[in-house]
Amino acid sequence: MHPAFSVIFLTTLIGAGQGLFLALYTAQSYAAFGLLPAQDGAAFHGPGSLMVLLLMGAGLAASFFHLGRPERAWRAAAQWRTSWLSREVIVLPAFMGSVFLYGLLHWLGWNPALARLSPDFAVSPQMLVGSAAMLLAFALFVCTGMIYACLRFIQEWHTPLTVINFILLGTASGFVLAAAFSSTAAPDLDHFFTGWALALTLAAAVFRVAALMRNRRLTPRSTLQTAIGVKHPRIAQKSQGFLGGSFNTREFFHGQGAGVLRGVKWLFLALVFVLPAILLATALAEPAAGPLWATFLLQYAGLLAERWFFFAQANHPQNLYYQAVA
Amino acid sequence: MELPGTRPDQDLGRHEVKTTTCYMCACRCGIRVHLRDGEVRFIEGNPDHPLNRGVLCAKGSSGIMKQYSPARLTRPLRRKAGAERGAGEFETISWDTVFDLLAERLGRIRASDPKKFALFTGRDQMQALTGLFARQFGTPNYAAHGGFCSVNMAAGMIYTIGGSFWEFGGPDLDRAKLFVMIGTAEDHHSNPLKIAISQFKRNGGKFISINPVRTGYSAIADEWVPIRPGTDGALFLALIHELIRLGLYDRDFLTQYSNAAELVNLDEGSSEYGMFVRFEVPPEEGCFDPQNKLWWDRELNRPVGTHTPGVEPRLLGEFHLADDTPVKPAFQLLKERVEAYTPEWAAGITGIPAETIRRLAHEMGITARDRKIELPIAWTDVWDNEHRTVVGNPVAFHAMRGLAAHSNGFQTIRAMSILMTLLGTIDRPGGFRHKAPFPRPIPPCAKTPNGPEGVRPDMPLDGMPLGWPADPDDLFVDAAGEPVRIDKGFSWEYPLSAHGLMHNVITNAWRGDPYRLDTLLIFMANMAWNSTMNTAEVRRMLADKDEDGEYRIPFLVVADAFHSEMTAFADLVLPDTTYLERHDVMSMLDRPISEFDGPVDSVRIPVVEPTGECKPFQEVLIELGSRLKFPAFVDKQGKRKFRDYPDFIVNYETAPGSGIGFLSGWRGRGGEKFLRGEPNPRQWEMYARNGGYYHHELPRSYQYMRNWNKGYLTWARAHGLTRYAEPINIHVYSEVLQKFRLAAQGRTDTRQPPDRLRKRVETYCDPLPFYHEPLESQLTDTRRYPLNAVTQRPMAMYHSWDSQNAWLRQIHAHNHLYIHPKTAAAAGIADGAWMWVESRWGRVRCLACHSESTEPGTVWTWNAIGKAKGAWGLAPDANESSKGFLLNHLISEELPPHDAGEHLSNSDPITGQAAWYDVRVRVYPAGPDEPAESFPQFAAMKPAPGMTTARPKWFAYVAGKFAGASGKEP
Amino acid sequence: MTQLALVIDLNVCVGCHACVTSCKQWNTSGWAGPMADFNPYGADPTGTFFNRVQTFEVGEFPHTQTVHFPKSCLHCEDPPCVPVCPTGASYKRKEDGIVLVDYDKCIGCKYCSWACPYGVRELDEAQKVMKKCTLCVDRIYDQTIPEDRRKPACVIACPTSARLFGDVHDPDSEVSVAIREAGGYALMPEWGTRPANHYLPRRRTAIRIHPDELVRADNPLTKEDVALPSADNTLEDAIM
């Protein structure tokens, strides 16, 4: 597939946004059980939510560049019964809305106990809205992942690993961002976030590498033989019917050599997993704002490469029909 | 969005449907043009039209993009004073100025030496009119593109069976069981052949394709027989060898309908050596074979007049006449000729295994013999034998460019025609069938003047500009035996050059050999690019000057509808219309669109207004002819006879009161006659009402065996299709060629060839087909240049015409050189890499494409895709010029100097057919530092005044809204 | 239920591209148009086409088959492109099974093209909406067009009649009979999309000659008093 920068930014930005929210909410949940010190909502969760919204907004903005007719984007909510893309289009603003509410509650500091489940644990608006947003965050990961995973003939994508990786890579980058953010805004949480970030980064590494290994062993179900229905071991395309290119040669090909692909793969493995893991492990000993922010930026850059590779590696069966220049 | 089908398409704007004839190629299908608000909405095949029956090819379906092409010339242009020829600097002038200028200049030439004016035309479909114009002018220097197209096919077959493929005849695939296609040009007669081949395959016939390349029609062949280019003659001769050896020939057909059984004089001392023995002098001489020859009677073992009732002649044997003259039946001579042409011999030449050649011969012979068709159609032959049925041997052949474009093509095509004859397939069901006005006598009657005195000031030419020589006395040469025509047609160099040699006109005129021209008028021929051999040199010649600073070709007029490479070299450019803007006729006097079952001709009627100041070239000719007071165009008082072209078509008669004109339908005052009748003032209207064509279906008994069908021949004579109702016996043995050979041997007292040409004429004018290596190969180190290079015709392009077409050019924006992977590997050329292909004449850098459907000794490319920068309305960086290429740069228009002359054309030595496919090449990879661009490149052509210069980044064609909508949101 | 479709006969397709441009000219000025062309007279011209004819070489010289392969939307019975469309712009008509795009609803997200394994949807770069073959839905029901011409433009243009059009659910239709009798097949059956369009394979006709057919009593050579080719020789020559 042709890696479109609109979609690369969309998926990486909202992934980090969702991850950051999940980090904020996790910290609050821990605090609700008294496992972590509570934070000043106006200083941490409020700005944190704003950051989530900015990431989501930027992702959303990027997505518009993917559309031929962005002014009609609202129509995309229509087919939620069948289309994961439509579901994403619904869930994404719902998530943003709930994050907005969540952030507003924190910023206003409005959190009366609505009910008490135990002496130590009160059901509060922040927790309720947060829970909803958490569910929406996961739903959004699933929607985004399923947009790709549901395309059964793009075999590289058609696996639960796609959804898992969207979740793990998004949450990892979100938690790294949370760690960096906390190191400036809530220093007593930086260990907590750094630890989670390291764990998620390592988990993401496991599953992303698993996906790579799976994809390496894939045999394409479609072949030239099934594509044109001629049973002969040696078939070569001599003409694709035009010479100046078409939508089909632009949309489904990355246009890069195998060397570039390999290079990008090693680059993202280093930037998303190896270097952040080392940096996070170091930070665990002595968290510091600078290195943590650097870690986030490094990993995010890596995620851009990862997402580019995710698209580039996907081999669409339609390409069987478009392999000749003559 | 409105639901589909809410409103009928014809309710979207003002809808009109007009019927006319396509001209996106030479096929001439009937079309219905739908217009919306005056713009072309949709062009569909006319379902009622006999030729295409409603279908339409890729080109025909892209007519819209030709009509609105930015390559259109729209104003008459004159080379700017002081601007160099070829620089493309023009000023616009009025048509009045054009006519004044031309009438003055041409009038002066006509009054002094008419041959200083030459008119050569390309892919035009009005040769009856252009030929008439030239003849009336008085110049011998006229031809259309046939000489560099397929004159070998026309001449080889017409000199053998009295008809030819394409317009003049073709394979009867409705009833054939075996179809053998040997090379073809897929842009010729394309839709009828596509319809027929698919029906044939559906009916379960076997389709064999013999071709170095498997594309196009060959793709769907049941068997592909790859062959080395230029060796088809060897294959046919081996097939004939095998058929004769096994007795797999149609004996009755050969004896009755060919000269196979006629006795040939073999008296070495006689001036009649190699001629048929005649028993009497015919009472009337004409262009027909008098029935005065002898057979050898099998029963009585003595000579007897041919077609003596009840006599069965010998085909084989050696006999002596009463005066002891040794004689043999022509068939015996053929048998002796092919003795050495064994399948094993041919295998070494053609690359086809001997067992395959044998099997092919068996399949042909047995299918012809055992799957006979017998139609219950009674007919009478010219010898008054009544036949209760028409019999057919269902083996059909088709061939075109592959055979024709070699210097051994004429003899190869003779061999093929004889093979078809041995199988008994001529004008019979399931075999080859004629189309009116064919069959014609062998050779047809038309003759050129036979000496320089035929060219007279202020007088029409004393003969036709093109003709069919029957003997040396018909040649168009002076007392020294040297040519009168600028292209040396009908001279001893190319005696049977029935279509002229347009490919040598510019070189000859430039060199002044045989003389200089004053004005050269080129219509629709891209002689500065793909229609010429040796393109780069010819471009130089076009703009070359004498020591005194005058152009060596003093005045060049180019008439074309499009900004071709040729227009840049014009002194005067005459903008022609497109086919949708003009009247036209596909005339019985020219190349009509007849069907097997009878004559068909057709017309074009304008469907849109001419663009800008475009004027149909026909109107230019009528105007000039009238101004120059040609006898055919003015009355006795010198008053103009014809208002315009449509008026000319209605009222012109080949001779006063002949009743024969350009159109054959609805003749007679009220349109009640056909073929022959008085002019009908409402003829155009009647054609229009009938979908633009006239189809006269012959009675069934006239549809077959027409060479010998008394009913048909009498009918044809009565309707002016032929002059004689005499049998047209097949020339298995060609006396015509023998006459030229005898002259060359100095045995006869006819005109003699110049000494330098004696050996050449003697060698090639062989009365029986033989195989020889193409001339260029004979004169080239084939170890250094081991490969053959040929072109194929893409079905979605017609010559150079469609690179200007926004839709078609997307399919073939540039071309590759196709090469077998092993050949490429041996030369180190990677698939898709830049490579060089080099002949002894030049070299071309191009892109390689490995192909398993290419014979390993052959490289090929699509024809005429490469363009000069800036030509045809294209941007200078268009693929056609940056990656596209021509093979023409590798091909010389002249042979290397040798015994027969310094400047002989690179052509068939009999017909002068351009030997495009003879070129020998070698290939090697392009260097890593070379530019990724085809070579050679030329300076970019400038757009001409009056052309649309805006090249939109994009457009979206919508009929009724298109004008001015480019580049904006639709 | 009706399912309109094309059946493409590879046995007779000569790769002439008539279907490509007849489609273009009908549809660019029709309901499904316009179909933009970019760089129409410049480098690398490219445009929207609903139909493409491709060429494949099968096998090795000299046993090469050249296969011309026309390809357009296959109007799948289970079209994967439809459910993924977020706006409902892509839809399959109940009444005749044609898969269409409503340009007014299309947002140009290209997701449907990702969901099509056949590569037959093309985004029109000018209008920025997805376009595809409509089976000339604006021709086939147009009562003002003569009945025998009420077919997709590619079908009426095709010089070899390699394109049949009809209802593949009607067992007696020309297309169903062709699929049944000539071994019609669907492309990429592995995905279960059940394309309505089918392809008919190449069929080869051969002539088989029995050696006896070379040796006949009525051999014309017998009339020439020459020795007939010996039977041994003939047989040996014939059986290779």
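About its Cα centre, what dipole magnitude does chain C give when the only charges are +1 on Lys and Arg Cβ and -1 on Asp and Glu Cβ, stated in debye to the nearest 20? With Lys and Arg at +1 and Asp and Glu at -1, about 1120 debye.
In segment A:5-320, what percent of the accessible surface is made up of carbon and sulfur (1.4 Å probe, ligands and nucleic acids excluded)?
Details: 9010 of 12690 Å².
After summing per-atom areas, the C and S share lands at 71 percent.
With the cut-off at 1.5 for a/c, could you classify the protein assembly as shown from its C-alpha gyration tensor as rounded, prolate or oblate?
Numbers: a/c = 2.35, a/b = 2.03, b/c = 1.16.
Prolate, since a/c reaches 1.5 and a/b exceeds b/c.
Under 29 Å of direct C-alpha separation, and excluding same-chain neighbours fewer than eight residues apart, C:Lys128 reaches these lysines: B:Lys59, B:Lys66, B:Lys953, B:Lys961, B:Lys968, C:Lys24, C:Lys71, C:Lys92, C:Lys94, C:Lys105, C:Lys110, C:Lys151.
Buried accessible area for the C:B pair, summed, 1.4 Å probe, in Å² rounded to 100? Before the final figure, lay out the partial values.
Values: alone 14060 and 32480 Å², together 38760 Å².
So the buried area, both faces added, is about 7800 Å².
Normalising the average separation of contacting C-alpha pairs (under 8 angstrom, six or more residues apart) by the number of residues puts the relative contact order of segment A:5-320 at 20 percent. Against the main long axis of the alpha-carbon atoms of chain A, helix A:45-64 sits at an angle near 20°.
Accessible area per residue for the protein assembly as shown, computed on protein heavy atoms with a 1.4 Å probe, is 32 Å². Shown here for segment B:857-922: GluC sites (Glu not before Pro) in loop regions (DSSP other than H, G, I, E, B) with at most 14 other Cβ atoms within 10 Å, namely B:Glu902. Under 5 Å between amide hydrogens, built in the peptide plane, is the criterion, and for B:Ala525 it picks out B:Gly122 among residues at least 5 positions away or on other chains.
Kindly compute the accessible surface that chains A and C hide from a 1.4 Å probe when together, both sides summed, and give it to the nearest 100 Å².
Protein heavy atoms only, the A-C interface buries about 4700 Å².
Each Lys or Arg adds one and each Asp or Glu takes one away; over the other residues whose Cβ falls under 9 Å from the Cβ of B:Met524, this sums to -2.
List the residues of segment B:861-898 that lose 20 Å² or more of accessible area once all protein chains are present, compared with their chain alone (1.4 Å probe, heavy atoms only, no ligands or nucleic acids). The answer is B:Asp877, B:Asn879 - residues whose exposure falls by at least 20 Å² when every protein chain is included.
Between segment B:1-50 and segment A:162-224, the C-alpha centres lie 60 angstrom from each other.
Out of the total accessible area of chain C (probe 1.4 Å, heavy atoms of protein only), what percent is carbon and sulfur? Walk me through the intermediate numbers first.
Working: 4080 of 7720 Å².
Looking at chain C in its full context, I get 53 percent from C and S.
Computed over chain C, relative contact order equals 26 percent, with contacts defined as Cα pairs under 8 Å that lie 6+ residues apart.
Would you compute, from DSSP H runs of 4+ residues alone, the mean residue ellipticity of chain C at 222 nm, taking -39500 (n - 2.57) per run and dividing by the full residue count, rounded to the nearest 500?
Details: 7 runs with 44 residues, N = 240.
Computed ellipticity for chain C at 222 nm equals -4500 deg cm²/dmol.
Based on Cα contacts under 8 Å between residues 6+ apart, chain B shows a relative contact order of 18 percent. For segment B:86-131, what class follows from the C-alpha gyration tensor (a ≥ b ≥ c being the square roots of its eigenvalues): rounded when a/c is under 1.5, otherwise prolate if a/b is larger than b/c, else oblate? Oblate shape, in that a/c is at least 1.5 and b/c is the bigger or equal ratio.
For the protein assembly as shown, the Cβ-based charge dipole about the Cα centre amounts to some 3520 debye (Lys, Arg positive; Asp, Glu negative; other atoms uncharged).
Using +1 at the Cβ of each Lys and Arg and -1 at the Cβ of each Asp and Glu in segment A:5-320, identify which of A:Ala139, A:Ile235, A:Gln256 lies farthest towards the dipole's positive end. Selected residue: A:Ile235.
Within segment B:710-790, what whole-number % of the accessible surface is contributed by carbon and sulfur, with the 1.4 Å probe and all protein chains included in the calculation? Answer for segment B:710-790: carbon and sulfur cover 45 percent of the accessible area.
Structure remark: mean-square fluctuation, Gaussian network model of chain A, C-alpha springs under 10 Å; the largest value among A:Leu224, A:Leu292, A:Leu280 belongs to A:Leu224.
Computed about its Cα centre, the charge dipole of segment A:5-320 is approximately 1760 debye, with only Lys, Arg, Asp and Glu carrying charge at their Cβ.
If a/c stays under 1.5 just call it rounded; otherwise compare a/b with b/c (prolate if a/b is bigger, oblate if not). Do that for chain B, with a ≥ b ≥ c from the square roots of the Cα gyration tensor eigenvalues. Rounded shape, in that the Cα axes give a/c under 1.5. Amide H contacts under 5 Å for C:Phe165: C:Val7, restricted to partners 5 or more places along the chain or on a different chain, H placed in the peptide plane at 1.01 Å from N. Residues whose amide H falls under 5 Å from that of B:Gly169, counting only those 5 or more places apart or on a different chain, are B:Ser164, B:Lys435, with hydrogens built in the peptide plane. Segment B:251-285 and segment B:572-632 have Cα centres lying 45 Å from one another. Taken residue by residue and averaged, Cβ atoms of other chains lying within 10 Å of the Cβ of A:151-163 number 2. Listed values for segment C:109-116 are Karplus-derived 3J(HN,Hα) couplings in whole Hz (6.51 cos²θ - 1.76 cosθ + 1.60, θ = phi - 60°), namely 7, 6, 4, 5, 5, 5, 7, 9, and x replaces Gly and Pro.
Residue by residue along C:208-215, Cβ atoms of other protein chains within 10 Å of the local Cβ number 3 on average. Considering only A:Arg234, A:Arg72, A:Arg152, the mean-square fluctuation computed in a Gaussian network model of chain A, springs between alpha carbons under 10 angstrom, is largest for A:Arg234.
Mean-square fluctuations from a GNM of chain A, with a 10 angstrom spring cutoff on Cα atoms, peak among A:Asp188, A:Asp120, A:Asp40 at A:Asp120.
Within chain B, antiparallel bridges make up roughly 65 percent of the DSSP beta bridges whose residues both belong there.
Within segment B:198-290, which GluC sites (Glu not before Pro) sit in a loop by DSSP and count at most 14 neighbouring Cβ atoms inside 10 Å?
Of the GluC sites (Glu not before Pro), the ones in loops of segment B:198-290 whose Cβ has at most 14 other Cβ atoms within 10 Å are B:Glu268, B:Glu280, B:Glu284, B:Glu285.
Taking every residue in C:159-169 and counting other chain Cβ atoms within 10 Å of its Cβ, the average works out to 4. The distance separating the Cα centre of segment B:67-143 from that of segment B:662-687 comes to 32 Å.
Calculated from DSSP H runs of 4 or more alone, at -39500 (n - 2.57) each and per residue, what is the 222 nm mean residue ellipticity of chain B, nearest 500?
On the way: 25 runs with 224 residues, N = 970.
Per the formula, -6500 deg cm²/dmol.
Each residue of segment B:544-555 was assigned a 3J(HN,Hα) from its phi angle through the Karplus curve 6.51 cos²θ - 1.76 cosθ + 1.60 (θ = phi - 60°); the sequence is 7, 10, 6, 4, 7, x, 8, 5, 5, 10, x, 9 Hz, with glycine and proline shown as x.
Using a cut-off of 26 Å between Cα atoms, the listed pairs A:Lys265/C:Lys132; B:Lys822/B:Lys883; A:Lys231/B:Lys372; B:Lys115/B:Lys447 include A:Lys265/C:Lys132; A:Lys231/B:Lys372 as exceeding that distance.
Going by a 1.4 Å probe on protein heavy atoms, which residues of segment C:78-108 end up with at least 50 Å² less accessible surface in the whole assembly than in their chain alone? Checking the loss per residue gives C:Pro83, C:Pro86, C:Asp104, C:Ile107. Positive-end ranking of C:Ala178, B:Phe648, C:Gly108 along the dipole of the protein assembly as shown, with charges on Cβ about the Cα centre, is headed by C:Gly108.
Loop-located GluC sites (Glu not before Pro) across segment C:1-92 with a Cβ neighbour count of 16 or fewer within 10 Å are C:Glu60, with loop assigned by DSSP. Considering only B:Trp708, B:Val608, B:Asn152, the residue lying farthest towards the positive end of the dipole of the protein assembly as shown is B:Val608, judged by Cα position with unit charges set on Cβ.
The string of couplings for segment B:280-288 from the Karplus curve (6.51, -1.76, 1.60, θ = phi - 60°) is 7, 7, x, x, 10, 9, x, 8, 8 Hz, one whole number per residue in order, with x for Gly and Pro. Relative to the longest principal axis of the Cα atoms of chain A, the long axis of helix A:258-268 lies at roughly 10 degrees.
The values are calculated or read from the model by the stated rules, or taken from the named source; none is laboratory data. A quick note: this is a predicted structure, and the numbers were derived from the prediction, not measured. Reconstructed Cβ throughout: ideal geometry from the backbone, glycine too, with neighbour counts over all protein chains shown. The protein model used for the area step is the full one, side chains on, heavy atoms only, and it has no ligands, DNA or RNA in it. Shrake-Rupley method; radii C 1.70, N 1.55, O 1.52, S 1.80 Å.
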